[in-house]
Structures are given as structure tokens and as C-alpha cells.
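Structure first, commentary second.
The values are calculated or read from the model by the stated rules, or taken from the named source; none is laboratory data. Not measured: the values here are computed from a predicted model. Heads up, the Cβs are rebuilt from the backbone with ideal geometry, glycines too, and the neighbour counts pull from every protein chain shown. When the accessible area is computed, the model is the full protein with side chains, heavy atoms only, and any ligands, DNA or RNA have been set aside. Shrake-Rupley method; radii C 1.70, N 1.55, O 1.52, S 1.80 Å.
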Amino acid sequence: CKSRKKEGDSARVMEEANDLAESGAFSKAAEVFARAAGLAEGPEAARPLEAQAQCLLELGRIDEAVAAAKRATELRPEWAAGFATLGRALLNGGNLQDAVDTLAEAARLAEVAAAAPAASPAERELAEELAHDSREARGHLARHWADHHDVMLRGASFTSLTIRQSFDCRYCRLSGQQGPGGAIWAAGVVLAQQLLSQPPPPSVGAPSWKGLRILELGSGTGMAGLAAAASGAEVLLTDRQDLVALMQQNIGLNNATFACSSGKALCGVYDWLTEPPPEVLRPWDLVIAADVIYSFAAVEPFAQALCAVLAPPAPVDEGVRVGAPLAIYAHNPRSSDLDAEMLKAFEARGLSVKEVGRPGAEPVGNVTKEALQRVVLYEIRPARPVCQPASGGACATAAVAAEAEGGAGAAGGVSGAAV
């Protein structure tokens, strides 16, 4: 039978390859293991492929090792050893996140095999070894994040927050594709430290942040909103869809801190080029935002978003107030023309703007003292009962828009987080 002959040929070639590997002839052994894999049938090719990957690792040919080990796991998806070799190859190549996930799967498969009544001592030993390797890989990834992506924001009473930034990185899955929103900036630092160290503005009518309902626009990493939650507020962070995963991750990193202050943070999508989603159109005590006007293209959308979530001074819609009476915006002035355009857009929508003082801020991460000193804090309020854009288009004030258009139609959704 040709099949049995081919199987026997594969076994003989495997034996030859093993002898070469044991003698340290890894390059030749890798070639012979590849030949053995070609002679094997279906899942039986997984073993020589995994052995080939080990030889390639010894030779430092990481990409080839990853490819061989990955093929082995595809042929035998329940084989712990294949995932173990793939995970180690990924780790050696610096692909930390993929290595963590792959070694976790290897450890899971090994644990299942070790728990079987007929498990051998070797299977139980492999399960312990892979559990250790999985923990070690998670440690490597955590250190990478701490060294290259995370910053610590400290507040009063020993409060500290971990803020993860998304930079283009070959070692983990943080890509930097979210643009400026994936990093921290001076205005966000100023606003966050203000929320951690100062009481609410007097017009909010509360002695502390505890229990206040706060909406953050353009959250990015969520630094300011997370600071509010750490101070005891109930906060909804919002931004574009591509930033939701980062916001979720940062919420998860700080949930223990929120629990200590009885604060809470959730996140959702609010794209200012669409109608506000229903979860945004609700009563708020305060709206916050930081450094969201960094180009002329951002002026009108932000002004419209503010208009949508700020409540007019007098109750409308039969006394139901939707929105907040006040917004705090931390602005980084970039040019006098841009600032003038911003103020003009606010005025056109009946929003009054007042610059307010602030205490000094301390550098965080790569944000310098000089950058912090340039930041300006504004309090923004609706000065007219109805928000009317200069274009004469539909008003985006929440209560008016909800009545005139039957509610918001934008896709949204609110989520908590887990890392």
C-alpha cells in the first residue's frame, strides 16, 4: 500500500532528522524535517513541522520558525506542543501580544490533557512548564506596556491612574492608527489634574465630584474622564469607533481605583459628524473636553457637538432638561486665527465662553512644563434658550433635536471594559 510505504518513509526520515538535530546540525535537520513533513499524511505532518520550527529557532530564522509552527497548529489544533513552539517563536520575534495569546492556548490545551485520567507524567510536566511560560510571557508584555506605552497620573490622597497610549509598535497590537487621540497631550493633563485636585465649579452646585454625571467629548485615551471617575463621578467617555478599544482598555486598567472612590466609567461612540446617540442625550451635570480643536476642520463639528449636549438656561420641552448647564474645555492655543474661528463658532451657536484660572500642572510622560503652561481653561455655557447655528441648519441642542427629529439616529452603544 502506497500510504503505508509513505508513512514508513516519513518515519525513517524523521529518525534521520532527529539524529541530525541531536548532533547540533540544525540547518541540515531543518531540511530533513521539512522532507519528513512532505512525506507525512495530514495531521501526521504536524510533528515534523514543529520539530523543524525548533531547529529554525536555534538558527535564529524566526519568521520561518513561526511559519512552520503555525502550520503545525493548523494541522493539529488540539496539540499543546505545537502551540508552545509557535508561542516561543513569536516571543523570540518580539511579537509579545501574539506570543501571550498563543502560549495561553498552549497552557490551556496542556492542562486539559494533564487532567485526563490516563495522563502521563510527561503530560503533567508539560502542563506545569507551559503555565510557567504563559505567566512569563504576560510579564514581558506588561513590562513592555509599562516602559513604552503607559504613563502614571497621580492625584491627591495617593490616587494614581494608569493611562495606556497607542503608538505604532511592532511588539504589541497597539498600532497608533487612531491618530492624535491615541496619545496624551498637555491639555488633557491639565484638565485631568484639575479634576483630581480641585472641587467642581461653583455653578455645578456640588461640593465634590462624587456622584456627578459627566460626559467627556473626544476622550481619546480617556485621561480626563478617568480622572473624574477616580474622583467619584459617573463618567461616559466618548469618541470615534476606532478609539473605543483603547478607552475600554484604560477603563479596565483603573477600575480598582474607581471602586475606591465610588466612581464609574463607561465608554461609547459619538462621531460629531452624525447625530448624537441616545446615551449622550441625557441629563448631565458637566461636559468636559480637552484639546479637540487642533485644526480648522475640527471647529464646526466640536461647536455643534457642544451645542447638542449643553442645556439652555431655561427648561424646555415641558421642563425636561437634557444636557449639561456647563462645559469645561482645556484648549491648547495653536494660532490666533484658529482661536478666533473657534470663538466665532461658539458665539454663532449662542454659547458664552469665559477663561478661568487654574492651578499649576505637573509634567506627565513626555508632556513638558512649557507645554502645560500654554493650556487655557474655558467654561462654556449656553447663553440663549435655543441653540441656532449660523448656517440656519437644524439645531443640535439635545431637547430640541429629540423633539424635532424623533430622537437621535446615530449608531452608538455604551460599554464598560475589561483588559
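Would you be able to say whether some residue in the stretch 157-167 is part of a helix (DSSP H, G or I) and either over 23 Å from the mean Cα position of the chain (by Cα) or touching a residue at least 24 places away in the same chain (Cβ under 8 Å) (or both)? Before you say what the answer is, go through the steps one by one.
Initial filter on the stretch 157-167 (part of a helix (DSSP H, G or I)): 157-158.
Subset that is either over 23 Å from the mean Cα position of the chain (by Cα) or touching a residue at least 24 places away in the same chain (Cβ under 8 Å) (or both): 157-158.
Within the stretch 157-167, one or more residues are part of a helix (DSSP H, G or I) and either over 23 Å from the mean Cα position of the chain (by Cα) or touching a residue at least 24 places away in the same chain (Cβ under 8 Å) (or both).
If you go through the stretch 245-258 one residue at a time, do you hit one that is free of Cβ contacts under 8 Å to residues at least 40 places away in the same chain, outside any strand (DSSP E or B), open to solvent by 30 Å² or more (accessible area, probe 1.4 Å) and of a type in the set (Ser, Thr, Tyr)?
no
If you check every pair at least six apart or on different chains, which have Cβ atoms under 9 Å apart with a residue in the stretch 364-385 that is free of Cβ contacts under 8 Å to residues at least 40 places away in the same chain and within 20 Å of SER160 (Cα to Cα) first and a residue that is surrounded by fewer than 18 Cβ atoms within 10 Å (Cβ to Cβ) and not charged (D, E, K, R) second?
That search, which allows pairs on different chains as well, returns LYS369/GLY360; LYS369/PRO363.
Assess whether LEU86 counts as being of a type in the set (A, V, I, L, M, F, W, C) and either open to solvent by less than 40 Å² (accessible area, probe 1.4 Å) or within 22 Å of GLU44 (Cα to Cα) (or both).
Values: of a type in the set (A, V, I, L, M, F, W, C): yes; either open to solvent by less than 40 Å² (accessible area, probe 1.4 Å) or within 22 Å of GLU44 (Cα to Cα) (or both): yes.
When the stated conditions are applied, LEU86 passes them.
Out of the residues in the stretch 325-367 that are among the hydroxyl-bearing types (Ser, Thr, Tyr) and not in a loop (DSSP other than H, G, I, E, B), state the one that is nearest to PRO200 (Cα to Cα).
Only one residue fits best here, namely TYR329.
Of the residues GLU78, GLU74, GLU58, GLU64, only one is over 32 Å from the mean Cα position of the chain (by Cα) and open to solvent by 40 Å² or more (accessible area, probe 1.4 Å); which?
Working: GLU78 fails: over 32 Å from the mean Cα position of the chain (by Cα); GLU74 fails: over 32 Å from the mean Cα position of the chain (by Cα); GLU64 fails: over 32 Å from the mean Cα position of the chain (by Cα).
The unique qualifying residue is GLU58.
Select from the stretch 108-153 the residues that are open to solvent by 30 Å² or more (accessible area, probe 1.4 Å), outside any helix (DSSP H, G or I), out of contact with any Lys or Arg (no Cβ under 7 Å at 6 or more places or on another chain) and in contact (Cβ under 8 Å) with a residue 12 or more places away in the chain and list them in ascending order.
MET152
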